[in-house]
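This report concerns only the one structure given below.
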Amino acid sequence: MFGPFRASHVNSGGLLWKIPWKLSTTRKANARHRLKKVDAVIEAVRASGVQCAALDIALELPKEHEMPARDKYTVFTPHARGYRKGIHKVPKWTRITHRTNPKGF
Amino acid sequence: PTTHYKITLHRSAISLGSRIKSTLESLGIHRRFQTVYHRHTPEAAGKILKVKELVQVENVTTDMVKTKQEMTKDRKAKRGYTVTGER
């Protein structure tokens, strides 16, 4: 009943993979909250004063309040009209960092 | 002057690959909500940034660093009595 496959009428095949094309308000709020948490981790490492290459790369990432809504809730795809798809279609999207997309898309 | 990172794992690394899992192992974290302390070093910073989506980090001073036994003792509930002697 839960998960990607939801039971539908046996006449129409029995299994229907229904995933909404955009994120709901709750999901967007949770996504923003997760971005802020990652910002806090990067800020803690920066405040500690150590210098490392990973920190230089992490500081180049845009912060949550600097990101446009497009980048928070959609990602670039070369296959769809408009060249964008919902970020929730990226595997493990709640546990990976995906903040930037190709310039101009 | 803060000297240590207090690292707590909040999201698991299931199906994120062996690199991320190895990073958590090298930090000494074995389960969710486990807390671990590491000195401020570039190595520790790099490991934290590798798993930045999974952990929460706080900068603490040396006197706030707790060993595993001390953290376990803090979690334990106090007895409702004290033992004063035998019989």
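The values are calculated or read from the model by the stated rules, or taken from the named source; none is laboratory data. Not measured: the values here are computed from a predicted model. Note: ideal-geometry Cβ built from the backbone for every residue, glycine included; neighbour counts use all protein chains shown.
Consider A:Thr26 carefully, then state whether it is farther than 30 Å from B:Ala44 by Cβ, of a type in the set (S, T, N, Q) and surrounded by 11 or more Cβ atoms within 10 Å (Cβ to Cβ). So A:Thr26 fails the test.
Results for (1) away from chain A (no Cβ under 14 Å); (2) over 22 Å from A:Arg99 (Cβ atoms), shown as yes or no for each residue.
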position	(1), (2)
B:Ile14	no, yes
B:Leu49	no, no
B:Lys52	no, no
B:Glu58	no, yes
B:Lys76	yes, yes
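If you go through region A:23-77 and pick out every residue that is away from every other protein chain (no Cβ under 14 Å), of a type in the set (S, T, N, Q) and without any contact (Cβ under 8 Å) to a residue 12 or more places away in the chain, you end up with 4. Considering (1) closer than 30 Å to B:Thr2 by Cα; (2) at pLDDT below 95, the lone condition that A:Lys18 does not fulfil carries the number (1).
Of the candidates B:Lys78, B:Lys52, B:Lys47, B:Lys66, the single residue that is among the charged types (D, E, K, R), under 22 Å from A:Gln51 (Cβ atoms) and not in a helix (DSSP H, G or I) is B:Lys52.
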